[in-house]
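K.L.:
Okay, handing you the structure first.
Taken together, the values in this text are just the output of simple stated rules run on the coordinates, not laboratory data. Keep in mind the model is a prediction, meaning the values are calculated, not measured. Because the Cβ atoms are built from the backbone with ideal geometry, glycine has one as well, and the counts that use them run over all protein chains shown.
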Amino acid sequence: MTANGMIEISDDECRKLLRAFEFGRIAFRVGDVLEVFPVNYHADASSITFRTAPGTKLAGVLLADDVVFEIDHIGEREAWSVVAHGKARRLESSSDIEAAERLPIRPLVPSVKREFVVIDLVRLSGRRFHRGPQPDPSAEPLVDSSD
């Protein structure tokens with residue numbers, strides 16, 4: 001644990017947390033535009049799958065070189081965040097689509113979403129924070145930036 005109460009989360013625990021939840025955010029850059037979208041998803045040990053409809057999210061996530069996926073939780077005693085990086089691909093074969101249709105992906109808003117996207121995980125990181133009272137500012141030394 002660091003002095004500020006932050007603990008790195010192992011890859012195994014990051015994967016466990018990803019599998020335990022169903023709502024997160026994807027972020028990607030296309031040109032000069034950074035996009036962030038909420039998604040319902042399903043995770044396994046090496047990938048994240050979500051459904052979408054044709055539009056900005058589908059086009060952008062497929063054009064992006066790197067896709068970032070994030071989940072987090074804030075409780076009374078602790079908070080945590082998991083960030084996953086990977087490359088997205090659209091499922092195209094009928095057998096892959098049929099398998100994805102059996103996954104427990106439930107959209108928040110009832111809508112027709114026929115496209116499945118998989119993010120193949122390349123890198124994971126996670127942090128857990130213990131929450132508590134704010135430290136006394138007078139106990140922290142002032143930093144003189146003029147040195």
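K.L.:
With +1 on each Lys and Arg Cβ and -1 on each Asp and Glu Cβ, how big is the dipole of segment 21-98 about its Cα centre, in debye rounded to the nearest 20? The partial results should precede the final answer.
P.N.:
Values: 8 positive and 13 negative charges, 39 e Å.
Using Cβ point charges on Lys, Arg, Asp and Glu, segment 21-98 gives about 180 debye.
K.L.:
Non-local amide H neighbours of GLU22 (under 5 Å, H modeled in plane, Pro and chain starts lacking H): which ones?
P.N.:
Answer set, sorted by chain and number: none.
K.L.:
Taking +1 at the Cβ of each Lys and Arg and -1 at the Cβ of each Asp and Glu, which of PHE28, THR56, SER46 sits farthest along the dipole of segment 1-72 towards its positive end, judged by Cα position relative to the Cα centre?
P.N.:
THR56
K.L.:
Can you give me the relative contact order of segment 1-115 as a percent, contacts being Cα pairs under 8 Å and 6 or more apart? Write down the numbers at each step before the final one.
P.N.:
Numbers: 150 pairs, mean separation 28.7, N = 115.
Relative contact order, segment 1-115: 25 percent.
K.L.:
Here's something else I'd like to know. Enumerate the calculated ³J(HN,Hα) couplings along segment 115-120 in order (Karplus 6.51 cos²θ - 1.76 cosθ + 1.60, θ = phi - 60°), each rounded to whole Hz, writing x wherever the residue is Gly or Pro.
P.N.:
Values per residue, Gly and Pro as x: 8, 10, 10, 10, 9, 7 Hz.
K.L.:
From the backbone phi of segment 78-84, what are the Karplus-calculated ³J(HN,Hα) couplings (6.51 cos²θ - 1.76 cosθ + 1.60, θ = phi - 60°) in whole Hz, Gly and Pro given as x?
P.N.:
Working through the residues one at a time gives 8, 9, 8, 8, 10, 10, 10 Hz.
K.L.:
Rank these for me by crowding, PHE69, PHE50, going from fewest to most other beta carbons within 10 Å. Please list the in-between numbers first.
P.N.:
Numbers: PHE69 24, PHE50 28.
By the 10 Å Cβ count, ascending: PHE69, PHE50.
K.L.:
Moving to a separate point now. Using 7 Å Cα-to-Cβ label points, what is the SER125/ASP72 separation (nm, one decimal)?
P.N.:
Distance between the two pseudo-spin positions: 1.4 nm.
K.L.:
If you don't mind, another one. For segment 15-95, take every pair of Cα atoms, bin their distances at 10 Å starting from 0, and report each bin as a whole percent.
P.N.:
For segment 15-95, the pair-distance distribution reads 16, 50, 27, 6, 0.
K.L.:
What dipole magnitude, in Debye to the nearest 20, does segment 86-128 give about its Cα centre under +1 on Lys/Arg Cβ and -1 on Asp/Glu Cβ?
P.N.:
Working: 10 positive and 6 negative charges, 84 e Å.
It works out to roughly 400 debye.
K.L.:
Rounding to the nearest 20 debye, state how big the charge dipole of segment 36-147 is about its Cα centre with +1 on each Lys and Arg Cβ and -1 on each Asp and Glu Cβ. List each step's numbers first, then the result.
P.N.:
On the way: 14 positive and 17 negative charges, 131 e Å.
Once rounded to the nearest 20, the dipole reads 620 debye.
K.L.:
Can you compute the modelled spin-label distance between ASP136 and ILE7, with each label point 7 Å from Cα toward Cβ, in nm?
P.N.:
If labels sit at ASP136 and ILE7, their model points lie 2.7 nm apart.
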